[in-house]
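The values are calculated or read from the model by the stated rules, or taken from the named source; none is laboratory data. Bear in mind that the values here come from a model prediction, so they are computed numbers and not experimental data. Glycine also receives a Cβ, built like all others from the backbone with ideal geometry; neighbour counts cover every protein chain displayed.
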Amino acid sequence: MTKLALRPTECQIGWRAVGCEDVPVDLDAFRWLLSEPGQRLLEAAGAAGAAGGSELAAQSALRRTASPEHVAAALTQAELRRRAVAKFGDLAGRMYFTPEGLEQATRLPVAAHRAARVQAASAATVVDLGCGIGGDLVAFARAGATCVGVDLDPLRVEVARANLETLGLGGAVTVADATAIDTAPFDVAYADPARRTGKGRTFDVDDWTPPWSFVESLLARDSCVKLAPGLPHALVPEGVEAEWVSDHREVKEAVLWSGRLATTRRRATVLGDGGLATLTDEDDPGAPTGPVGEFLYEPDGAVIRAGLVTAVASGVDGHLLDEHIAYVTSGASFRSPFARGYRVLEEVPFREKPLRAALRERRIGRLTIKKRGVSVVPDELRKRLALRGDEESTLVLTRVDGKGTAFLVEPF
Ligand SMILES: C[S@@+](CC[C@H](N)C(=O)[O-])C[C@H]1O[C@@H](n2cnc3c(N)ncnc32)[C@H](O)[C@@H]1O
């Protein structure tokens with residue numbers, strides 16, 4: 001059964017606490033929330049949460065006008081709206097969620113980027129095959145597409161429908177098995193298979209629902225499929241584009257684009273406060289390796305997953321330190337959305353004992369440790385170094401030409 005409400009006993013003592021345990025509630029409680037008295041209760045539950053104060057008092061006040069089930073459903077929804085701000089920003093306060101549906105939903109900026117790509121391809125109709133609570137569906141509709149969403153879970157269907165409606169968007173949502181849908185009438189078929197089983201996240205493509213065989217069948221037409229960032233390159237069929245997307249430096253997803261939606265082979269798209277930047281394998285002439293220069297660049301995770309580190313090297317007139325390690329170096333300083341830049345201050349010993357002596361000599365008491373291509377556990381190393389002093393620095397541990405090397409750097 002789909003989970004909706006928080007366990008009432010825990011809600012009473014801390015319904016605003018992160019990680020409140022979620023318990024199943026039937027679909028009727030959610031439907032009731034959409035009614036006029038339900039909306040009033042939801043508003044009161046939201047206001048009580050926003051005002052702070054005693055939750056017990058808020059609960060008692062709410063219970064004067066509604067049943068315990070309805071109060072629990074309203075408090076849960078109010079709590080989920082607060083949690084959802086991280087993904088949906090201002091829209092969260094008007095939307096509806098289930099705990100798992102929210103967890104699985106695509107965050108708004110990422111979904112909006114996808115929807116903008118679909119719109120740029122002049123696709124007017126989209127079928128969302130497993131729409132959940134409608135994170136992507138809402139973005140497609142906001143971008144102007146005519147959307148149909150389907151999901152096996154009746155509660156999520158109800159929630160997705162309510163989300164379209166509350167945001168004033170058109171579209172239809174229905175309970176159906178995605179694998180039995182004729183997608184031919186739609187310009188684009190979109191799927192975001194669930195990648196969790198009862199035991200948690202699954203990395204086995206045959207455990208996804210719908211499974212990889214279904215994804216492959218979609219890729220034979222104009223489609224877009226959201227997958228986990230760990231997607232192996234070898235799984236990407238010929239003629240299909242794989243795009244890795246990060247938001248504020250966290251890699252969120254790999255997306256496969258097929259048919260006329262595929263515009264390159266590999267792409268890294270970086271979203272953040274500065275907007276959007278995108279890099280493809282066509283920007284990648286390759287890059288040599290060589291010694292560390294005045295500047296060091298740490299490519300964004302989407303770039304690394306997409307295998308485009310050498311494209312970043314070329315973009316900063318630089319090279320790699322090692323062909324298997326995702327550090328780029330250059331004699332020139334560039335600001336790039338695709339990499340964080342550091343000025344290299346000096347090389348220090350790689351071996352632990354002389355390294356400790358060098359750090360003590362420089363009175364470095366606080367140390368950020370970055371490492372690539374070497375087997376070091378930063379927290380354990382930091383403890384063993386037993387640093388003393390008022391200075392702060394960043395240490396990079398890596399391999400150059402196969403040899404363990406350490407540098408002190410500062411971000412620029
Ligand atoms: C990862 S979630 C989708 C999240 C959605 N893209 C969003 O942003 O809110 C996957 C959804 O696929 C649904 N699902 C799994 N197998 C399905 C099938 N065979 N037919 C329809 N829906 C299915 C699940 O119920 C779940 O809601």
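Odds and ends about this structure:
- Taken as a whole, the condition of being within 8 Å of the ligand (Cβ to nearest atom), in the same structural domain as LEU227 (by TED's automatic domain parsing), modelled with pLDDT of 95 or more and not in a loop (DSSP other than H, G, I, E, B) applies to VAL150.
- Scanning the range 307-323 for residues that are touching a residue at least 60 places away in the same chain (Cβ under 8 Å), more than 23 Å from LYS252 (Cβ to Cβ) and not aliphatic (A, V, I, L, M) yields one hit, ASP322.
- If the condition is being away from the ligand (no atom under 12 Å from the Cβ) and either of a type outside the set (Ser, Thr, Tyr) or assigned to a loop (DSSP other than H, G, I, E, B) (or both), then the range 127-146 contributes ALA141, ARG142, ALA143, GLY144, ALA145.
- With respect to (1) closer than 24 Å to LYS252 by Cβ; (2) hydrophobic (A, V, I, L, M, F, W, C); (3) touching a Lys or Arg at 6+ places or on another chain (Cβ under 9 Å), the lone exception for ILE304 is condition (3).
- Residue match in the range 363-371 (condition: modelled with pLDDT under 95 and over 18 Å from PRO411 (Cα atoms)): no
- Search result, residues across the range 210-251 that are in a helix (DSSP H, G or I), more than 16 Å from the ligand (Cβ to nearest atom) and under 20 Å from ALA189 (Cα atoms): LEU235
- In summary, ASP300 fulfils each of the numbered conditions (1) touching a Ser or Thr at 6+ places or on another chain (Cβ under 7 Å); (2) at pLDDT 95 or above; (3) of a type in the set (D, E, K, R); (4) surrounded by fewer than 18 Cβ atoms within 10 Å (Cβ to Cβ) with the single exception of condition (4).
- Qualifying residue in the range 180-190 (condition: closer than 30 Å to GLY301 by Cα, within 12 Å of the ligand (Cβ to nearest atom), modelled with pLDDT under 95 and touching a helix residue (DSSP H, G or I) at 6+ places or on another chain (Cβ under 9 Å)): no
- Selection of the range 116-126 for residues being surrounded by fewer than 23 Cβ atoms within 10 Å (Cβ to Cβ) and outside any loop (DSSP other than H, G, I, E, B) yields ALA116, ARG117, GLN119, ALA120, THR125.
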